[in-house]
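Everything below concerns the one structure shown next.
The values are calculated or read from the model by the stated rules, or taken from the named source; none is laboratory data. Nothing here was measured: the structure is a model prediction, and the numbers come from that model. Note that each Cβ is placed from the backbone with ideal geometry, even for glycine, and that neighbours are counted across all protein chains shown. Surface areas here come from the heavy atoms of the whole protein model, side chains and all, with no ligands, DNA or RNA. Shrake-Rupley method; radii C 1.70, N 1.55, O 1.52, S 1.80 Å.
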Amino acid sequence: MRKLVIIPTYNERENVAAMIETVLALPGEFDLLIIDDNSPDGTAEVVRSYQQRHPQRLHLLCREGKLGLGTAYLMGFRWGLERGYNTLSEMDCDFSHNPEDLPRLVAELERGADVAIGSRYVQGVNVVNWPMSRLLMSYFASKYVRIVTGMPIHDATAGFVTYSRKALETIDLEKVRMKGYGFQIEMKYAAWRLGLRIKEVSIIFTERREGASKMSGGIFGEALFGVMKLRFRKIRPAQ
């Protein structure tokens, strides 16, 4: 089974070297694709230096600027599918998602799931070092999504997710519209509506070690209002 981890970056020089070393050392041999949005801090240069050591397993795509989290993942999904990967995982570069949880997510796919979500809220609230205001915003955003869409997922905004090849070939990636954190909701909603098997795996989410958060009011607003439109969308499988 070929496994790919996709990580978008913007100004993650402080984290990217440690993340590369951690992911590539995991059991089960995960390959890593970094998608960098022209980081002015030299993130891509760090990745290139590590590519010399891992030319077959570490890959880099560079974009002209900040084009949105969702478009980065869609680029990564297409890249991975074209190259025959069986599982494709998405996660952040800041260690808020623990890379050592990746084998647990893949294991759920091996047991029959199509989508495995690293969930902060499936067993209580498992978040470390977040300010209360952000924790409440995140927790109630997922509650809001469940109420509006009817989707039975506790952590709808989670950004730590592993998809099977089957799932990404079933979801019509060309029809995914949201670009920010709403992308995470839209992908899960499409998977649920298409009858794919979704499993939430309890994780502990820890606030980033280094660098600055990319969350903004505009990103949150897109997700808030985009969810209202999802209920009226016709979700059809990819042709």
| said: Quick check on Met151: is it open to solvent by less than 10 Å² (accessible area, probe 1.4 Å) and either among the acidic types (Asp, Glu) or assigned to a helix (DSSP H, G or I) (or both)? | reply: no
| Enumeration of residues in region 18-67 that are of a type in the set (A, V, I, L, M) and over 19 Å from the mean Cα position of the chain (by Cα) | Ala25, Ala44, Val46, Val47
| task | From Asn86, Asn15, grab the single residue that is polar (S, T, N, Q), touching a Lys or Arg at 6+ places or on another chain (Cβ under 8 Å) and surrounded by fewer than 19 Cβ atoms within 10 Å (Cβ to Cβ). | result | Asn86
| request: Restrict the check to region 134-146 and report whether at least one residue is open to solvent by less than 10 Å² (accessible area, probe 1.4 Å) and assigned to a helix (DSSP H, G or I). | output: yes
| Taking region 190-238 on its own, how many of its residues are open to solvent by less than 60 Å² (accessible area, probe 1.4 Å), modelled with pLDDT of 95 or more and in a helix (DSSP H, G or I)? | 2
| task | Would you mind finding the one in Val122, Val115 that is surrounded by fewer than 19 Cβ atoms within 10 Å (Cβ to Cβ) and either in contact with a helix residue (DSSP H, G or I) (Cβ under 6 Å, 6 or more places away or on another chain) or at pLDDT below 95 (or both)? | result | Val122
| task | Within region 160-183, track down each residue that is closer than 19 Å to Ala72 by Cβ, open to solvent by less than 20 Å² (accessible area, probe 1.4 Å) and at pLDDT 95 or above. | result | Phe160, Val161, Thr162, Tyr163, Ala167, Leu168, Ile171, Leu173
| field | Condition broken by Asp94, with the remaining ones in (1) open to solvent by less than 30 Å² (accessible area, probe 1.4 Å); (2) within 29 Å of Asn38 (Cβ to Cβ); (3) touching a strand residue (DSSP E or B) at 6+ places or on another chain (Cβ under 6 Å); (4) not in a helix (DSSP H, G or I) satisfied | value | (3)
| request: Give the residue that is farthest from Leu60 (Cα to Cα), with candidates limited to residues of region 32-49 that are of a type in the set (Asp, Glu) and open to solvent by 20 Å² or more (accessible area, probe 1.4 Å). | output: Asp41
